[in-house]
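Notes to accompany the following structure.
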Amino acid sequence: MSAFQVKIVGDFCNLRCKYCFNCNGKRSTKTIMHLDVLEKVFKVLSQSKQETIRVHWHGGESLLAGIDFFERIIAHEKKISDKRFVNIIQTNATLVTKDWADFLFQNHFHIGVSIDGDEAMHNLNRVYENGQGSYKDTLRGANILRSVGFKVGVICTVTKETIASGKKGFLSLVKNDFNSVAFNAFHEESDLFEVRNVSNNEWLDFLKDIFDTWIELNDDKIRVREIDRILAWVEGRVANTCAFKSTCANWFTIDWDGLIYPCERIGRVPKFGDINKLDSFDEIFQTEEFANWSHKLHILPDKCKKCSMVELCNNGCTSHRIKKDEIPHFVYCDAQLSFFDYIKDQIGVYSKKKEVICNG
């Protein structure tokens, strides 16, 4: 089933995060999707054979499009009575007001907020153009969202600078009542970002630290995506995340100008087409560009072919594969396999203490 990331403001953002992979984009330029393009997006989506359509309203910072723009989104969706739309926003939350929170809650949006641990960790990289940290504004926005009824999940980016402070950052998030947390290890293959990259060994130590802290907390309301993934593996299930389900070819980004690309994490190459020139997404599936790209995604390196975990891992997230290799290979392969062994060994030790490990 296809899912769509719609970059309604392109790279336009009110923050200047130092690790942003859109740092070469036009983050200062106001680019908001033209209403004619938005209408075309829904005309094309209405032709989908899917009954449920997942749309991630993305940026930059998608709230910069304004409430009026999102009201038009809801109006378009209501006209397509045979589809169920699932709307998701990942936001830095600095622009959230009571009006925004009420609108998003009343229209059943799913919300994720980007927070990188405690205040010091967050403000190392997530800053405004003047260099001022955004932590207090982000926390304020998240609390407004919660005040109207949202259960706010967190995505926390982990870099070389913050990797040693995993427990500290995790406990800070829990202290601030964030019970659903996902950690993204930073990895970008460019000279600009290499200094921030997290190594295999660093990522493994971080994951073990988070797991041990999670056990110490002994609270089954706290969910950590990276732990849930491995627990699924221990039970012989594929984790319910795109990173290990080999579904990259099902994700599409529609930029503010209508141009269509793969998942936003991968970037603007290859280009699959222009929404303004399509009648249905089926047309993209028939293109040589898409066929070639999709085929390359599923070519496995020899290490994967020999691995007993290949059906659970599927060579990991495409954006985290080492591109300089002849056949790109998941950069955190060794860390994930070792973390799997670590949790498997610990289950017997902790099972009496924390039954959630056994029942998920």
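The set of residues in region 2-20 being outside any strand (DSSP E or B) and either out of contact with any Ser or Thr (no Cβ under 8 Å at 6 or more places or on another chain) or open to solvent by 10 Å² or more (accessible area, probe 1.4 Å) (or both) consists of S2, D11, F12, C13, N14, R16, C17, K18, Y19, C20. Selection over region 66-91 of residues that are touching a residue at least 40 places away in the same chain (Cβ under 8 Å) and among the charged types (D, E, K, R) gives a count of 0. Scanning region 243-296 for residues that are at pLDDT 90 or above, aliphatic (A, V, I, L, M) and more than 16 Å from M1 (Cβ to Cβ) gives I254, L259, I260, I275, L278, A291. Residues that are of a type outside the set (A, V, I, L, M) and outside any helix (DSSP H, G or I) within region 166-183 comprise N176, D177, F178, N179, S180, F183, listed in sequence order.
Restricting the first member to region 319-344 and to residues that are under 18 Å from F21 (Cα atoms), and the second to residues that are part of a helix (DSSP H, G or I), the beta-carbon pairs closer than 8 Å and six or more apart or on different chains are H320/A243; V331/N200; V331/H320.
Among the residues of region 92-118, those identified as touching a residue at least 24 places away in the same chain (Cβ under 8 Å) and open to solvent by 60 Å² or more (accessible area, probe 1.4 Å) are T97, K98, D99, F105, H110.
Inside region 22-46, can you point out the residues that are part of a loop (DSSP other than H, G, I, E, B) and open to solvent by 70 Å² or more (accessible area, probe 1.4 Å)?
N24, K26, S28, K30, H34 - these are the residues of region 22-46 that are part of a loop (DSSP other than H, G, I, E, B) and open to solvent by 70 Å² or more (accessible area, probe 1.4 Å).
When V44 is tested against the conditions (1) touching a Cys at 6+ places or on another chain (Cβ under 7 Å); (2) at pLDDT 95 or above, the lone failure is (1).
Could you tell me whether any residue of region 54-65 is at pLDDT 95 or above, hydroxyl-bearing (S, T, Y) and crowded, with 17+ Cβ neighbours inside 10 Å? Looking for residues that are at pLDDT 95 or above, hydroxyl-bearing (S, T, Y) and crowded, with 17+ Cβ neighbours inside 10 Å, one finds at least one in region 54-65, hence yes.
Given the criteria small (G, A, S), under 25 Å from R265 (Cα atoms) and modelled with pLDDT of 95 or more, does A185 qualify?
Details: small (G, A, S): yes; under 25 Å from R265 (Cα atoms): yes; modelled with pLDDT of 95 or more: yes.
Criteria met by A185.
The values are calculated or read from the model by the stated rules, or taken from the named source; none is laboratory data. Quick caveat: nothing in here was measured; it's all calculated off a predicted structure. Glycine also receives a Cβ, built like all others from the backbone with ideal geometry; neighbour counts cover every protein chain displayed. Heads up: the accessible areas ignore ligands, DNA and RNA and are worked out on the full protein's heavy atoms, side chains in. Shrake-Rupley method; radii C 1.70, N 1.55, O 1.52, S 1.80 Å.
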